[in-house]
Every structure is written in structure tokens, then in C-alpha cells.
Amino acid sequence: MNGDLSGAKWFKSSRSQAGRECVEVAHLDRGMVGVRDSKNPSGPTLVFSPGEWDAFTAGITDGEFNSPES
């Protein structure tokens with residue numbers, strides 16, 4: 001899915017620490033959401049539709065992506 005990244009304003013979580021593995025997020029036109037690696041800002045970007053982003057964040061909230069207990 002394509003999104004116009006030219007005017008994107010990228011941000012990291014307030015819990016992010018300098019030098020750590022972080023992602024940056026940007027709200028794009030038409031409700032699209034971009035995600036990229038903060039250590040490689042000129043690298044590839046994932047672009048999600050509003051519905052895809054909502055499903056992803058709901059999955060995080062519901063613990064869908066938590067590691068299984070050992």
C-alpha cells in the first residue's frame with residue numbers, strides 16, 4: 001500500500017530510549033499510518049490503512065503479540 005511520505009512528521013514513543021531498537025510512526029494522508037526503523041530513517045517504510053492500523057493496535061492491547069510463557 002502506498003502513502004505520501006513527503007510531509008510525514010515522525011515520532012517515537014515517549015518510552016523510547018536513545019540508541020535502542022525503536023520504531024517511528026507518522027500519520028499520513030487519508031488516515032494512513034507509516035512505520036519505520038528509527039535507526040534507518042531512509043530505509044523501507046510500512047504503510048497501513050486505517051483499518052489495518054486499528055486491528056494492529058487492538059491486537060497489542062489484547063496481548064495478541066505477547067511472547068508465550070516458557
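A Cβ distance below 6 Å, combined with a sequence gap of six or more or placement on separate chains, defines the contacts here; from the range 6-21, residues that are at pLDDT below 85 reach residues that are surrounded by 12 or more Cβ atoms within 10 Å (Cβ to Cβ) in the pairs S16/C22. Note on the range 18-70: among residues that are in a helix (DSSP H, G or I) and open to solvent by 100 Å² or more (accessible area, probe 1.4 Å), the one that is nearest to L5 (Cα to Cα) is R30. Taking the numbered list (1) of a type in the set (D, E); (2) touching a helix residue (DSSP H, G or I) at 6+ places or on another chain (Cβ under 7 Å); (3) part of a helix (DSSP H, G or I) in turn, D4 passes all entries but (3).
The values are calculated or read from the model by the stated rules, or taken from the named source; none is laboratory data. None of the values given here were measured: they were computed from a predicted structure. FYI the Cβ positions are ideal-geometry reconstructions off the backbone, even for glycines, and counts take in every protein chain you see. We work out accessible area using only protein heavy atoms, side chains counted, and drop any ligands, DNA or RNA first. Shrake-Rupley method; radii C 1.70, N 1.55, O 1.52, S 1.80 Å.
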